[in-house]
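Coordinate-derived values only; no laboratory data. Source: prediction; values computed, not measured. We place every Cβ from the backbone using ideal geometry, glycine too, and count neighbours over all the protein chains shown.
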Amino acid sequence: MKEIIFAATRSDTIIAELKRRILENGAVLPGGVLRVDSFLNQQIDMKLMRDIGAAFAARFHLFHPDIVLTIESSGIVPAGQAALALEVPLVICKKQASRITQAELYETNVQSFTKGTSYELSVSKAFLMPGARVLFIDDFLAMGEAALGACRLIEQAGASLAGIGIVIEKTFQPGRSKLDSLGRPIFSLARISSMSEAGITWAE
Ligand code: 5GP
């Protein structure tokens, strides 16, 4: 708890550091994709992830989440750090076919913006319990389809959504407006309103 209160006082510094890393190490690819392989998606800056997890915990601890839910693979590290700070389990939705039977899974189909395909998102019924208060955390919010897929799994389980935490939101894509209709708190650390090879503009 002491650490969560400390993180709340440092949230602005943590957001400033994340934005600095995006400007210094991010690469804008054609088609509105931001590459952050050097600190978030492939090589991972664990100190930054620890701080990001603490900032999410500071924002959401008063909603008393029972679990943090994320999607493999790039949501796992920031979501895991948030779960650690909140002292709750991390549960991972899978994109790959699972070896357990379909009867043991909640499943939904999701369109992927980055890959231009669709995939089956699933989570074991054993880990998403009816009545659980679920904090969903992911690395990016773009079209909102991944987050909406996770929300459908939460609904199938009879659990409830406590909030949504996003590391990088692209506000020029429609994800936020789709998620707003859920009526739950959404907290994005870095919000990009436009980006090109010439530079990145932050949303207010
Ligand atoms: P959405 O369903 O909101 O379009 O996309 C969510 C997922 O797509 C995220 O979990 C993330 O893995 C991936 N994604 C979307 N946009 C970007 C991007 O600009 N850069 C990277 N690296 N991943 C992205």
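General observations
- Residue with peak Gaussian network fluctuation, the chain [Cα springs, cutoff 10 Å], from A16, A157, A54: A16
- Residue of G175, G116, G131 that the Gaussian network model of the chain assigns the largest fluctuation, springs spanning Cα pairs under 10 Å: G116
- Note on the chain: Kirkwood hydrodynamic radius from all Cα pairs is 17.1 Å, rounded to one decimal.
- Counting Lys and Arg as +1 and Asp and Glu as -1 over every other residue whose Cβ lies under 13 Å from the Cβ of S98, the net charge comes to 0.
- The ranking of F172, F56 by Cβ neighbour count inside 10 Å, starting from the fewest, reads F172, F56.
- Label-to-label distance, nm, for residues given as S181 and Q96 (7 Å Cα→Cβ offset): 3.4
- CD proxy at 222 nm, helix term only [per DSSP H run n ≥ 4: -39500 (n - 2.57); per residue of the chain; nearest 500]: -11000 deg cm²/dmol
- GNM result for the chain, Cα springs below 10 Å: residue of L62, L48, L121 fluctuating most strongly: L62
- Extension gain for I44-A27 works out to 4.6 nm (0.36 nm per residue, less the C-alpha to C-alpha distance).
- Förster radius 45 Å - calculated FRET efficiency between T13 and Q111 (Cβ-Cβ, nearest 0.05): 0.80
- Rounded, prolate or oblate (a/c below 1.5 giving rounded, otherwise prolate when a/b exceeds b/c) for segment 34-135 by Cα gyration tensor: oblate
- Neighbourhood net charge (14 Å Cβ-Cβ; Lys/Arg +1, Asp/Glu -1) for F63: +2
- At full extension, E3 and M129 could sit 42.6 nm farther apart than now, given 0.36 nm per residue minus the alpha carbon distance.
- Each Cα pair under 8 Å and six or more residues apart adds its separation to the average, and for segment 2-202 the resulting relative contact order is 18 percent.
- Nonlocal Lys pairs with alpha-carbon distance under 23 Å, the chain (8 or more apart, or different chains): 13
- For the chain, the Cβ-based charge dipole about the Cα centre amounts to some 60 debye (Lys, Arg positive; Asp, Glu negative; other atoms uncharged).
- DSSP bridge pairs, the chain: antiparallel proportion in percent, nearest 5: 40
- Checking every one of the trypsin sites (Lys or Arg not before Pro) in segment 66-161 against DSSP loop status and a limit of 13 other Cβ atoms within 10 Å picks out R99, K115.
- Taking a point 7 Å from the Cα of E120 along the Cα-to-Cβ direction, the residues of segment 84-112 with backbone N closer than 19 Å to it are 92-112.
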